[in-house]
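Taking it in order: structure first as C-alpha cells, then the write-up.
Bear in mind that the values in this text are calculations on the coordinates, not laboratory data. All values reported here derive from a predicted model rather than from experimental measurement. Here the Cβ positions follow ideal geometry from the backbone for every residue, glycine too, while neighbour counts run over all protein chains shown.
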Amino acid sequence: MINKRLLIKKLLSHNDENSFFDKKQKISFSSKDGKAKFLKHVCALSNSNPNNNSYIVIGVEDEENKIVGIDFFDDSKIQNLVNAYLNNPPKITYENVLFPRLPRNKVIGLVSIYPNNSITSLSKNAWKYKKNTIFYRRGSNSMPFLGNQFQLRNTNQAIVADIEKNARNNIQLTLDGVFNFINNHKEIYNPQYKVFNEQFVLCWAGERKIINGQEFFSRVDIELINEQVKLFFSALDDVQISYNNNTYIVEEYIYLGLEKQEKYYPLEKTIINFKNNGKHNIVKEFLFEPPVFNEEIMIHIYNNCNLIVQKIVQKKPLSSTEQEDVLRLPTNYLICYLHGFLDVVENLKKAKTYIKSLANNNTYIKYNEALRIIRKVKYA
C-alpha cells in the first residue's frame with residue numbers, strides 16, 4: 001500500500017518534471033483553457049508511459065518545489081471529463097493528500113494516470129487544441145505530435161517502480177497518522193478511528209447533531225490513514241455515516257432553497273469497500289433531485305443577481321439590501337442554474353474577488369460549494 005504523501009515527497013525530491021511526472025501550482029477545471037490544459041497533460045503523460053503510472057502533483061510552487069497547497073477537490077466526475085474528451089482514455093484518480101504544515105482546508109492534489117498501452121488523443125476540440133491531436137512529453141513539456149505515425153515507447157518502468165516501492169506505508173507512519181488526526185481535532189468533533197479488514201485504518205471527525213430524529217455530522221473530515229489521503233471534507237453541508245466490517249458509507253446532504261423555504265436534499269452517496277487483497281474501491285451514487293420553484297420568481301432572482309454582479313464589476317456601491325443579497329448570491333445563482341440559467345457560472349465567477357474579500361467567510365465557502373455542485377450536476 002503506497003503512502004501518497006511519501007510518494008509526493010519522493011517525486012519532488014528526486015525528479016524534475018519529466019515524462020512520468022508533472023507539477024502545478026493550481027489547475028482550473030472551471031475554465032475552458034484550464035480544462036483543456038489538464039486534458040493535454042493527461043494525454044501526454046499517458047502516451048509517454050504506456051506501461052507504468054504517471055503523476056501530476058498540484059499545489060506546488062514550480063521553481064522552489066514549495067508546498068503551498070490547494071482547496072480540497074471532489075474528484076467524483078473527473079474520469080467522466082477524461083472519457084468525454086479523449087480517445088483511449090486512461091483510468092485516472094484524483095486524491096487529496098495531507099501535509100501536516102498546511103491549514104486544515106488545504107491539501108496537495110495527486111492525479112494518478114494508469115497505463116493503458118494505447119495511443120491517447122483528443123476525441124473533440126478542446127479550447128485551442130484540435131480534435132485527434134496526440135500529445136507526448138518532451139522533458140517537462142507536453143507537446144503535440146507533428147509526425148505521421150506516433151509510436152509508444154516505455155523508458156520509465158524501472159524508475160517509477162523504484163519510487164513507488166520506496167513510498168510504501170509502514171506501521172510507524174500509520175500510528176503517527178492516527179495520533180495526529182486525533183490530536184488535531186477538538187473533542188466537539190468526536191475524532192475516532194476504525195480498522196477495516198485488519199489492513200485499512202480510517203479516521204473521521206464531525207460535529208454531531210440530531211435533526212428530525214436523525215443523526216447528522218457537519219464539518220466532517222474523513223482520512224484513509226494508510227495512504228495519507230483525505231477522502232471527504234465538508235465545510236457547510238451535513239452527512240450521515242454508517243459502516244460495517246468491510247464498508248464505510250457517507251451520504252451527503254445540502255441545505256438548499258429560497259429564503260425561508262430551505263430544506264435538506266440528498267446529494268451523493270459514497271461507498272468505500274475494503275477488500276481482503278489489500279485494495280479498496282470507492283463507488284459514488286449521485287442522488288440529487290433539484291427543487292423546482294415558480295418560473296416568475298426565478299426570473300426575478302436571476303435578474304437581481306445579475307444586477308448585483310454588474311454593479312460589482314463596475315465597482316459601484318451596493319445598497320444595504322444588495323449587500324444582504326450578496327450573502328445569498330452563490331446559493332441563488334446555484335438555484336438559477338438548476339432551473340436552466342446556465343450562464344450563471346461565468347457571472348458568479350465575476351464576483352469571486354469581491355465575495356472572497358467579504359468579512360463573512362461563509363459566503364466564499366458557499367461560492368466554492370455552488371461551483372462544486374454545478375460541476376457534479378453537469379457531469380452526472
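Worth a mention:
- Percent of C-alpha pairs per 10 Å bin, segment 201-254, short to long: 23, 55, 21, 2
- Placing unit charges on the Cβ atoms only, positive for Lys and Arg and negative for Asp and Glu, gives segment 221-380 a dipole magnitude near 620 debye about its Cα centre.
- Gained length - residue 346 relative to residue 247, 0.36 nm times residue gap less alpha-carbon distance: 31.7 nm
- Cβ-derived FRET efficiency at R0 25 Å, residue 365 paired with residue 318, nearest 0.05: 0.75
- Listed values for segment 112-124 are Karplus-derived 3J(HN,Hα) couplings in whole Hz (6.51 cos²θ - 1.76 cosθ + 1.60, θ = phi - 60°), namely 9, 10, 8, x, 10, 6, 9, 6, 9, 8, 6, 8, 7, and x replaces Gly and Pro.
- In plain terms, the chain from residue 101 to residue 328 could stretch by 78.4 nm, reckoned as 0.36 nm per residue minus the Cα-Cα distance.
- Amide H partners (placed H, <5 Å) of residue 86, local residues excluded: 123
- CD proxy at 222 nm, helix term only [per DSSP H run n ≥ 4: -39500 (n - 2.57); per residue of the chain; nearest 500]: -10000 deg cm²/dmol
- Rounded to the nearest 5, the antiparallel percentage of DSSP beta bridges internal to the chain is 95%.
- Projecting the Cα positions of 362, 290, 112 onto the charge dipole of the chain (unit charges on Cβ atoms of Lys, Arg, Asp and Glu, taken about the Cα centre) puts 112 furthest along the positive direction.
- Neighbour cut-off at most 10 other Cβ (10 Å), DSSP loop, trypsin sites (Lys or Arg not before Pro), segment 276-380: 315
- Here residue 33 and residue 212 are evaluated by their C-beta separation; at R0 = 56 Å the FRET efficiency comes out at 0.80.
- Mean separation of Cα contacts under 8 Å, 6 or more apart, over the residue count of segment 4-165: relative contact order %: 30 percent
- Between amide H atoms placed 1.01 Å from N, distances below 5 Å from residue 24 occur with 57, 58, 59, 60, all of them 5 or more places distant or on a separate chain.
- For segment 295-378, the relative contact order comes to 30 percent (Cα pairs under 8 Å, sequence separation of at least 6).
- Positive minus negative residues near residue 61 (Lys, Arg vs Asp, Glu; Cβ under 11 Å): +1
- Each Lys and Arg adds +1 at its Cβ and each Asp and Glu adds -1 at its Cβ; summed about the Cα centre, the chain shows a dipole of about 1180 debye.
- Under the simplified labelling scheme, the residue 83-residue 170 pair shows an inter-label distance of 4.0 nm, with each label point 7 Å from Cα along Cα→Cβ.
- Too-long pairs where the Cα-Cα distance tops 25 Å, listed order kept, from 35/366; 131/230; 186/349; 9/91; 91/349: 131/230; 186/349; 91/349
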